[in-house]
Amino acid sequence: MCSCMVSQVSATLAPHRTPAPAPAAPHRRTRVLALPEARWALAATLAFLAGLALDLTGAPAWASGPLYAVAYVTGGWEPALEGLRALRAKTLDVDLLMIVAALGAAAIGQVLDGALLIVIFATSGALEALATARTADSVRGLLDLAPATATRVAGSGAETVVPTAELAVGDLLLIRPGERIGADGRVLDGTSEADQATITGEPLPVVKRPGDEVFAGTLNGTGALRVRVERDPAESVIARIVTLVEEASRTKAPTQLFIERIEQRYAVAIVAATLAVFAVPLALGADLADALLRAMTFMIVASPCAVVLATMPPLLSAIANAGRHGVLVKSAVAMERLGEIDLAALDKTGTLTEGAPEVTAVRPAPDSGLDADALLALAAAAELPSEHPLARAIVTAARTRDLRITHAEDFTAVPGSGVAATVAGRSVSVGRAESADSDATVVQVTRDGTPVGTLALTDRLRPAAPATTAALTALTGTAPVLLTGDNARSAARVAEAAGLGDIRAGLLPEDKVKAVRELQDAGRKVLFVGDGVNDAPALAAAHSGLAMGRAGSDLALETADAVVVRDELTAVPAVVRLSRAARRLVVQNLVIAGTFITVLVVWDLVGHLPLPLGVAGHEGSTVLVGLNGLRLLRESAWRSGQVQQA
């Protein structure tokens, strides 16, 4: 079933692929029971549980039998249909083999075992369908970032509100304060600030002046801008993000568990062998009933139930253990792939850093007569009415120090420059200052026209970042790569603090995808860790994608294979170690399951394996590998992978 997922994503998204971010209704997340696969799986599960409950209470077979029949029909019709379609295409897969094995089990009285197998397959298909639908929801929702309309200005100065899909290169747009920019273009007139974190990941709004580039879907600040459209809406950065996510979903290597990689050959071999076990003795004069019983016994003991369970319990146990510790791994396939990575690539803002500015230094001018607290309180008073991220950081710093913030009057904000207000009868302004020797954002505080000090603000590195990158280096043998849309100076500071050497800064979303693919083309299996809309294409393109959950965008969370719900960076290497432990248990289980299958098959072929003993051996191996896989539920399995912070 997993092998169908990439094609399902493409098929689901295809009807929604538009030439431009045209007006779209607000997207809704697909509900679980809105999916037919989920409804059928639920019906099969409920019927199975009801039948099992009757069996456990000692009810006669005629009472539970109809319930198991419902489980067979509701959960098995879809994989049976897929198996028959594959058969028409001259291929044979485990889906059909499992259905045949389930029916064979029922034919010789093992109705419960067959129903359980059906329920497992139906539930797996429903989970894959849900993951596919949720990813499609988020990709379509990304289009909502771009506004449905824009204000186009004619040569005569007349303004017309038009759909953004109708914009063309060369059109002149008026972007009012607080509006989202309707197209990629260049500023012709005006000064403002644009929040373009969705595109570049930069934590702070960027000043936009004539000649600067702006992106569709980014949020304009307090100033008005006139923008000349430079890209067709279908070629905007936000539209290319949608395309990149779709393409990455289609071209990503097929995500299959071990048993699915060999299902074709295994299924053909078992079917051929079962027919031979039935036909050869019959041709040599054996009784029909005896030949059929031997063939059914062979199919039961040779069926890959134990092999399937050899794979699933360790991975599912690892998923459950990771979930208890704040890491949501979306599927067994995703858990398996996490353990395969041999290189990590990390986003900066919101991943290695907190993603929000904070005051890191308060420097009063020597002749200002102010100490650090007085300077901070003065700046906070002027900034209090502002909604700018820097203003919020300054006010938060003052409140953290329990400083008294004086009420300000005559507040004004100058786009791209800062704010001005009257505080205690004196004129105070706070605005950005040039800083040649630091990557911090520096603001200058002026009182009555005289500079009285500066404040430095930076996006703080997460305390766990150095230990996390060191752990990832130890796991993969190579230091992680930093991929960020932020400027090179800021990237270098974070990389030095986190212990990273390979730095790639100033990257747009397509650049991140290109970097990930270059690394993978060189033979590496890349784990990409990010959080923003701009990270989604790279999350989809990487061998494994892991999103930071607390501030992560919807698209990043749905595109990623796993989500760190609590934003604990140390969970990244821990879940990789847990995945590797699961993969080791899978190998152990495959050896156990293979040994049992081989012994029972040989016994049935060269001797006479009693059916009850064959069923007992088959079920015993299934239980054994299942219990072995459950070892990863223990707390010690997670603790062994935890990173110790310095």
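Please treat every number below as a calculation from the coordinates, not as lab data. Worth saying up front: this structure is predicted, and the values here are computed from it rather than measured. With ideal geometry, Cβ positions are generated from the backbone for all residues, glycine too; neighbour counts draw on all protein chains shown.
Observations
- Net charge, His388 excluded, C-beta distance under 11 Å - Lys, Arg +1, Asp, Glu -1: -2
- Point-charge dipole on Cβ atoms (K/R +1, D/E -1) for segment 492-595, about Cα centre, debye to 20: 500
- Length gained when the stretch Ser636-Ala43 is fully extended (0.36 nm per residue, less Cα-Cα span): 209.8 nm
- Low-density loop positions, trypsin sites (Lys or Arg not before Pro), segment 304-408 - DSSP coil, at most 15 other Cβ in 10 Å: Arg401, Arg404
- With a Förster radius of 60 Å applied to the C-beta separation of Leu103 and Thr160, the computed FRET efficiency comes to 0.35.
- Cα gyration tensor shape of segment 430-586, rounded if a/c is under 1.5, else prolate or oblate by comparing a/b with b/c: prolate
- Amide H contacts of Gly355: Gly350, Arg460, each under 5 Å away and 5 or more positions distant or on a separate chain (H built 1.01 Å from N in the peptide plane; Pro and chain starts excluded).
- Other residues whose C-beta falls under 11 angstrom from the C-beta of Glu358 contribute a net charge of 0, scoring Lys and Arg +1 and Asp and Glu -1.
- Entries in Lys330/Lys525; Lys208/Lys514; Lys208/Lys512 that, when Cα-Cα distance is taken, lie over 22 Å: Lys208/Lys514; Lys208/Lys512
- Over segment 277-409, the hull volume per residue, using the convex hull of the C-alpha atoms, is 200 Å³.
- Proximal charge balance of Ala581 [Cβ under 14 Å; K/R count +1, D/E count -1]: +4
- Taking a ≥ b ≥ c as the square roots of the Cα gyration tensor eigenvalues, segment 518-572 comes out oblate, since a/c reaches at least 1.5 and a/b does not exceed b/c.
- A straight chain from Ala497 to Ala34 at 0.36 nm per residue would run longer than the Cα-Cα distance by 161.9 nm.
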